[in-house]
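Read-outs: derived from the displayed coordinates by stated rules, not from any lab. Given the structure is predicted, the values throughout are model-derived calculations rather than measurements. Cβ coordinates were reconstructed from backbone atoms using ideal geometry, including for glycine residues, and neighbour counts include every protein chain displayed.
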């Protein structure tokens, strides 16, 4: 059986950041409730801008015992002192990412809606696999649509944690938590929450607690 009580929040930064204000916004969100990790995801930024963002935000995240992950770039994850890296199927290969960040760092892998890709990543040593998109999302153009059943299947047969991603909000997350997601990865569902990001973190945690 799946155990919804273990589900935790996984924050992904907005596509564009105003570092002058986002540092405090992030701090307030992290102080509002349990968050397992924060992924810095700046697809269209220069390496220098990514480094600046990482140097500013990493202490905020790690100082609260939350994992700070870099999207796509194992090299920048190492250079900026991140706790690990998340790679997609078109980014660095798992083996390459692991060589770059080392055995003790976190390496997560996007697996879309593919059981085969997830099994392959887990067998190679990935620390988590990410499935999605589960709902329509404006953050990126999803390549696949995943169904909650894949989370239940994964949780029943594998010990490697799974992350649900894609259009997740306080209003629709319950089906993914109940299906067995270990983590729910959220972007606009937190940063664009009508009552603010801190309120979103509180409400997501309240939802998780109610389902547990």
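Quick notes
- Extension gain for the segment residue 174 to residue 95, taken as residue separation times 0.36 nm less the Cα-Cα distance, is 25.1 nm to one decimal.
- Per-q log10 I(q)/I(0), the stretch 4-211, q = 0.08 Å⁻¹ (Debye; single scatterer per alpha-carbon; no solvent): -0.24
- Estimated FRET transfer efficiency when R0 is 41 angstrom, pair residue 65-residue 116 (beta carbons, to 0.05): 0.75
- Between residue 104 and residue 210, the FRET efficiency from the beta-carbon distance, with R0 = 41 Å, is close to 0.70.
- By the count of neighbouring beta-carbon atoms within 10 Å, fewest first, 76, 19 end up ordered 19, 76.
- The modelled label-to-label distance between residue 144 and residue 195, using points 7 Å beyond Cα along the C-beta direction, is 3.5 nm.
- Averaging the sequence gap over all C-alpha pairs within less than 8 Å and six or more residues apart, then dividing by the number of residues, gives the chain a relative contact order of 24 percent.
- Computed from label points 7 Å out along Cα-Cβ, the spacing between residue 55 and residue 24 is 2.2 nm.
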